[in-house]
Amino acid sequence: SSASTAITCFTRGLDLRKGTEDVLCPANCPLWQFYVFGDGVYASLSSVCGAAIHSGVITNTGGAVRVQTLPGQENYPAVNANGIQSQVLSRWASSFSVTAGTKSTALEAVGRLVSTARPSTGKRPKKTIVKKAGNKDCKADIAFLIDGSYNIGQRRFNLQKNFVGKVAVMLGIGTEGPHVGVVQASEHPKIEFYLKNFTAAKEVLFAIKELGFRGGNSNTGKALKYTAQKFFSLENGARKGIPKIIVVFLDGWPSDDLEEAGIVAREFGVNVFIVSVAKPTTEELGMVQDIGFVDKAVCRNNGFFSYQMPTWFGTTKYVKPLVQKLCSHEQMLCSKTCYNSINIGFLIDGSSSIGESNFRLMLDFVSNVAKAFEISDIGSKVAAVQFTYDQRTEFGFTDHVTKEKVLSAIRNISYMNGGTATGNAISFTTRNVFGPVKDGPNKNFLIVLTDGQSYDDVRGPAAAAQKAGITVFSVGIAWAPLDDLKDMASEPRESHTFFTREFTGLEQMVPDIIRSICKDFLDSKQ
């Protein structure tokens with residue numbers, strides 16, 4: 001048989017040119033650096049040696065492998081095997097399988113740095129892609145939601161792919177720069193590849209080039225909602241604190257409603273851009289459910305998030321202006337949501353009328369509200385103060401910066417037992433807990449929990465707290481007087497005052513409190 005070719009750890013199936021090829025994998029390849037897609041049958045984008053170790057054909061000591069080229073598949077599953085976690089990939093043009101090869105020559109692959117598996121043809125060999133940091137000034141996680149409907153057709157679909165590829169290259173994709181993925185909108189949305197799959201422009205370009213046209217109705221609203229909800233998870237490569245962006249490409253008009261999808265995207269902290277190409281004709285306008293669909297879908301109706309191109313031909317001049325928009329970090333107004341951009345201080349009554357078991361129900365309420373928010377060093381923060389006649393800071397906004405630690409700290413609060421001086425407690429919390437964060441980026445909320453009449457004035461301290469930019473919610477239980485609760489609450493008082501006769505009723509209030517906080521947050525951003 002012919003001599004085996006020594007390859008590198010990172011030679012991919014697509015670098016090989018024969019239908020069947022014998023190769024030699026080197027020893028000591030770094031397992032964590034392998035890109036492998038599939039199980040048994042691997043996408044040709046996969047590392048050959050990585051696939052061979054994953055399938056058990058060789059170990060990390062290297063060895064001979066026979067590679068067989070196979071047709072492309074619709075789906076490549078993610079499986080953890082032999083120290084390598086393979087990744088999911090939707091539809092790829094070609095595949096390969098690996099079996100044990102025979103070492104027919106004395107060629108030793110260990111330590112040999114050969115840039116490609118291709119036999120010498122006199123041409124310069126193709127180099128393995130080196131991961132670059134990318135454009136560090138353009139930090140963004142971007143989903144390109146491309147139009148794959150019958151509206152656009154195969155020819156314009158290919159022109160669309162070319163444009164998206166040019167945008168991807170100019171963005172400066174890299175490990176520390178923008179990351180991109182692609183979702184295709186048609187009858188049913190399909191995630192073609194995730195943010196985590198590729199961090200080099202060449203890989204992304206190749207992946208875009210390989211995308212197949214799906215056809216069907218342009219259910220853009222359905223695809224936008226799906227992308228906002230499913231695409232940007234940490235498991236799929238979304239990064240904390242990096243703006244999330246969906247760029248929707250629309251040829252003509254959507255065949256479903258975009259307004260609800262736009263609302264969902266904003267709730268998830270996603271900045272929606274719409275790139276519309278070839279506006280609907282006069283005849284087609286009659287088929288459009290809502291001719292103001294662009295304004296209702298984008299992050300903000302301020303002109304920044306909508307982008308128009310007259311045709312898919314000659315689009316090169318439109319690449320740079322779009323890239324500049326996508327890299328304008330400070331303009332991403334929808335990145336901040338009520339879930340990731342607020343400080344919530346809980347002021348908890350520890351008076352003797354409550355009792356230990358009811359105090360635990362109050363702490364359950366505090367935990368359930370806190371649980372809804374994205375608590376982190378760059379996200380939302382939580383603090384707690386307990387009061388009787390005295391005040392005790394249980395923990396401040398910077399003491400715990402993960403949700404787990406905050407919830408643990410709430411569970412560990414011990415019951416003080418004493419009188420009720422709510423006004424003093426509000427003043428203490430405004431000064432000592434909110435004071436250090438008053439100039440920070442997050443919006444401030446105070447939730448006062450009490451079961452009775454305060455021995456001091458509450459109106460003055462609550463007014464001072466509100467003047468300091470703190471939105472106050474009052475939550476009364478049992479004997480708490482409604483007048484006191486309303487005096488403490490922010491305007492409009494009806495929507496910031498809550499009351500339950502029993503401590504067990506606190507649990508039912510949680511969704512309403514969260515909804516009210518989010519409404520206040522959104523109203524403050526208009």
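The values are calculated or read from the model by the stated rules, or taken from the named source; none is laboratory data. Remember, it's a predicted structure, so these values are computed and weren't measured experimentally. Please note: Cβ atoms are built from the backbone with ideal geometry, for glycine as well, and neighbour counts cover all protein chains shown. Keep in mind that these areas ignore ligands, DNA and RNA; they rest on the heavy atoms of the full protein, side chains included. Shrake-Rupley method; radii C 1.70, N 1.55, O 1.52, S 1.80 Å.
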Hey, which of these cross-link pairs are over 28 Å Cα-Cα: Lys136/Lys438; Lys132/Lys244; Lys132/Lys225; Lys139/Lys202; Lys136/Lys222; Lys296/Lys486? Lys136/Lys438; Lys132/Lys225; Lys136/Lys222; Lys296/Lys486
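Does the stretch 342-524 classify as rounded, prolate or oblate by the C-alpha gyration tensor (a ≥ b ≥ c root eigenvalues; a/c under 1.5 gives rounded; else a/b over b/c gives prolate, otherwise oblate)?
Details: a/c = 1.30, a/b = 1.16, b/c = 1.13.
In terms of gyration-tensor shape, rounded.
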Give the ranking of Arg431, Arg12 by solvent-accessible surface, highest area first, calculated with a 1.4 Å probe. Arg431, Arg12
Looking only at Cα atoms, what is the convex hull volume of the stretch 141-331 per residue, in Å³? 105 Å³
Here the alpha-carbon Rg of the stretch 452-526 over 2.2 N^0.38 Å rounds to 1.13
How big is the accessible area of Lys139 in square angstrom, nearest 10, if you roll a 1.4 angstrom probe over the protein chains? 70 Å²
With a ≥ b ≥ c the root eigenvalues of the C-alpha gyration tensor of the chain, is it rounded (a/c under 1.5), prolate (a/b larger than b/c) or oblate? prolate
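Heavy-atom accessible area per residue, the chain, 1.4 Å probe: how many Å²? Before the final figure, lay out each step's value.
Values: 23080 Å² over 526 residues.
Normalised by residue count, the accessible surface of the chain is 44 Å².
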Using only Cα atoms, find the angle between the long axis of helix 506-525 and the longest principal axis of the chain, and express it within 0 to 90 degrees, rounded to the nearest 10. 70 degrees
Those residues of the stretch 393-426 whose amide nitrogen sits under 18 Å from the label point placed on Lys371, 7 Å along Cα→Cβ: 402-413
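Which of rounded, prolate, oblate describes the stretch 5-100, given a ≥ b ≥ c as roots of the alpha-carbon gyration tensor eigenvalues and a/c under 1.5 marking rounded, otherwise prolate only if a/b is larger than b/c? Please report the intermediate quantities before stating the final value.
Working: a/c = 1.83, a/b = 1.16, b/c = 1.57.
Since a/c reaches 1.5 but b/c is at least a/b, the shape of the stretch 5-100 is classed as oblate.
If I take R0 = 30 Å and measure r between the Cβ atoms of Ser408 and Ala468 in this structure, what FRET efficiency does the formula 1/(1 + (r/R0)^6) give, to the nearest 0.05? Could you put the intermediate results ahead of the total?
Details: r = 29 Å, r/R0 = 0.97.
The pair Ser408/Ala468 has a calculated efficiency of 0.55.
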Below 16 Å, Cα to Cα, which aspartates and glutamates can Lys336 reach? Residues fewer than 8 away in the same chain don't count. Asp141, Glu267, Glu374, Asp377, Asp520, Asp523
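Please figure out what share of the DSSP beta bridges in the stretch 342-524 is antiparallel and state it in percent, rounded to the nearest 5. Don't skip to the end; give the middle numbers.
Working: 4 of 30 bridges.
If we restrict to bridges inside the stretch 342-524, about 15 percent are antiparallel.
Out of the total accessible area of the chain (probe 1.4 Å, heavy atoms of protein only), what percent is carbon and sulfur? Please report the intermediate quantities before stating the final value.
Numbers: 11970 of 23080 Å².
Whole-percent figure for carbon plus sulfur exposure: 52.
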List the aspartates and glutamates whose Cα sits under 17 Å from the Cα of Lys209, skipping any in the same chain fewer than 8 residues away. Asp15, Glu74, Asp147, Glu192
